[in-house]
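Only one structure is covered here, and it is reproduced in the block below.
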Amino acid sequence: MSAHRDPGHDTIGTAGPERRGDLLALLAADLRAARFTVASLDSLWGAEAAAALHRGQRVPARRVLDARRAEHAPSAELAALAELFVLGLPVGREELARALPGLGVQGAAELGLVGEEGDGGIRPLLDLRPYAFVDAFGAGEWWIASDLGELALGHPLGEQHVLGVGGASMTLSGLMIPDAATSVLDLGTGCGIQAMHASRFAERVVATDISARALAIAAMNVELNGIEGVEFRLGSLFEPVAGERFDRVVSNPPFVITPRREGVPEYEYRDGGMVGDGIVEAVVTGVGEHLEPGGIAQLLGNWEYRGRGDAFDRVADWVGRSGLEHWIVEREVQHVTEYSETWIRDGGTRPGEDFDRLYDAWLDDFAERGVREVGFGYVLLRRHEEASDAAGAPPAASARLARLERLHGPLGSDGATLGTHLGECLEAHDRAAGLDDADLAGSRLAVAPDVTEERHHWPGDENPTAMVLRQGGGFGRAITLDTGLAALVGACDGDLEVGQIIAAIAHLLEVDAVALAAELLPAVRTLLDDGILRFADAPTE
């Protein structure tokens with residue numbers, strides 16, 4: 001999505017489209033026969049070696065694989081594939097031929113996966129590994145090709161590097177609301193992973209990128225895994241989809257804030273070519289033109305804390321100019337020193353003279369622009385349904401989604417996807433926003449099944465000193481309760497109307513029921529927005 005690209009990296013392999021399709025079918029069959037899966041690899045080299053790989057160390061895994069092949073074990077073919085494509089080490093030609101009997105070494109070379117070593121061995125040209133996931137539709141597993149990482153290269157990444165599935169990729173795929181969609185735009189597709197996930201709920205996906213090499217790898221991944229309905233387009237930001245609208249837009253944009261100085265690498269997969277957080281601002285302010293009414297955009301982003309100001313003031317300005325409803329969650333804030341170190345290391349530069357030079361450049365850039373911290377988080381934008389009431393009036397401003405919040409703690413861990421949770425929260429918000437207080441009081445609610453209540457007592461005291469609702473899934477929220485709200489939530493089992501519960505509580509506490517309702521109903525709306533309370537009955541049409 002940035003403005004820089006290397007036209008010399010526009011193709012992968014030498015096979016034409018028809019030949020490539022045949023070769024990819026053979027590759028898929030060979031990988032399947034070799035049991036080239038996440039579970040098989042974890043079993044192959046064991047927990048200790050797997051943990052070392054996560055730390056960027058491949059020696060323990062290599063030693064296990066060498067032993068497997070030396071023993072002529074049944075997993076020798078799997079070991080050869082793992083050593084070549086996951087560890088990035090060369091293997092013998094005969095070993096690879098046995099591991100890929102259908103495709104063959106020549107076929108792998110035509111696909112651009114491997115090349116010749118000087119000693120007659122075969123070296124990897126791409127990383128290829130299994131990727132397992134669980135979403136709203138169940139468990140799945142794909143094979144994902146990308147460029148070789150720094151471990152395999154032995155040096156820092158190139159600026160046209162096409163990244164595989166990383167932490168940010170998995171975060172965004174988990175955030176995707178899985179409701180059925182006719183059309184989805186994946187803005188800045190990279191290796192294609194978000195387009196592949198979107199294909200599980202969309203009829204049609206358009207995937208764009210500024211890098212022709214990224215599009216070639218993404219197309220390979222889609223075809224290798226038998227995924228249909230994905231179209232690829234080359235171009236920057238929204239240029240490839242000018243005049244088009246989509247039900248959903250997803251984007252893991254190149255949001256990393258990088259100094260625009262000579263000698264500082266600008267990695268295509270992470271640097272948007274703009275100053276500061278300008279790329280996120282551009283996506284937020286521009287995406288509304290490409291959303292259908294009711295359409296939703298979801299992206300990750302960074303935002304700068306400048307001077308004494310709050311970054312949310314600037315983010316609020318972005319969404320204000322966009323005219324979109326919004327729900328923005330800041331998950332983390334880093335001081336500029338920590339932020340700089342993180343992304344210099346990400347490019348493969350290790351401590352030393354070059355690291356120090358880059359560190360100075362990053363800190364100089366932040367200092368010149370008065371940036372002290374950088375926030376990271378999730379952005380959800382929605383184009384309001386262009387509807388009106390019976391009198392022809394536009395929707396009330398209070399019905400519009402407008403949330404800016406900081407949730408820096410751990411997420412919930414009940415196994416449900418965050419995307420499903422977001423969808424449920426939006427549905428509850430929209431239904432509650434259409435109810436006045438009298439209608440809300442007439443609703444029946446229930447506590448979400450992942451919510452528990454904690455009560456804390458001083459030793460010997462009969463009454464609790466603190467009451468907390470704790471969300472097991474979603475954002476793992478912890479809500480402090482007072483006596484009235486605790487009693488209301490405790491009685492929400494779908495049987496009684498909210499107004500009936502409030503009247504009973506008012507009688508027990510000997511307080512005015514009208515005043516108590518005025519206090520509790522806004523809190524009920526918040527708990528519905530957060531997914532802690534749910535409507536107990538299906539919404540009426």
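The values are calculated or read from the model by the stated rules, or taken from the named source; none is laboratory data. Only a predicted model underlies this, so the values are computations on that prediction, with no experimental measurement involved. For neighbour counting, all protein chains shown are included, and Cβ atoms are generated from backbone atoms with ideal geometry for every residue, glycine included. Heavy atoms of the whole protein, side chains included, go into the accessibility calculation; ligands, DNA and RNA do not. Shrake-Rupley method; radii C 1.70, N 1.55, O 1.52, S 1.80 Å.
Brief remarks on what is shown
- Within the set Leu440, Leu445, the sole residue that is more than 16 Å from the chain's Cα centre (by Cα), crowded, with 16+ Cβ neighbours inside 10 Å and not in a helix (DSSP H, G or I) turns out to be Leu445.
- Taken together, the residues in the stretch 119-137 that are exposed (fewer than 15 other Cβ atoms within 10 Å of the Cβ) and part of a strand (DSSP E or B) amount to 2.
- Odd one out for Thr349, checked against (1) of a type in the set (Ser, Thr, Tyr); (2) at pLDDT 95 or above; (3) outside any helix (DSSP H, G or I); (4) more than 30 Å from Pro240 (Cβ to Cβ): (2)
- Of the helices (runs of 4 or more DSSP H) lying entirely inside the stretch 71-112, the ones with 1 or more residues being closer than 20 Å to Leu44 by Cα and within 35 Å of the chain's Cα centre (by Cα) are found at 76-81, 93-99.
- Scanning the stretch 176-204 for residues that are among the β-branched types (Val, Ile, Thr) and under 22 Å from Leu128 (Cβ atoms) returns Thr189, Ile193.
- First in the stretch 336-354 and free of Cβ contacts under 8 Å to residues at least 40 places away in the same chain, second anywhere and among the basic types (Lys, Arg), Cβ under 8 Å, 6 or more apart: Val336/Arg372
- Some residue of the stretch 414-422 being buried (at least 16 other Cβ atoms within 10 Å of the Cβ) and at pLDDT below 90: yes
- Put simply, of Leu65, Leu100 the only residue that is in contact (Cβ under 8 Å) with a residue 40 or more places away in the chain, buried (at least 22 other Cβ atoms within 10 Å of the Cβ), among the aliphatic types (A, V, I, L, M) and touching a helix residue (DSSP H, G or I) at 6+ places or on another chain (Cβ under 8 Å) is Leu100.
- Test: residue in the stretch 309-325 that is surrounded by 17 or more Cβ atoms within 10 Å (Cβ to Cβ), in contact with a helix residue (DSSP H, G or I) (Cβ under 7 Å, 6 or more places away or on another chain) and touching a residue at least 60 places away in the same chain (Cβ under 8 Å): yes
- Sole exception among (1) open to solvent by less than 30 Å² (accessible area, probe 1.4 Å); (2) more than 21 Å from Gly13 (Cα to Cα) for His155, by number: (1)
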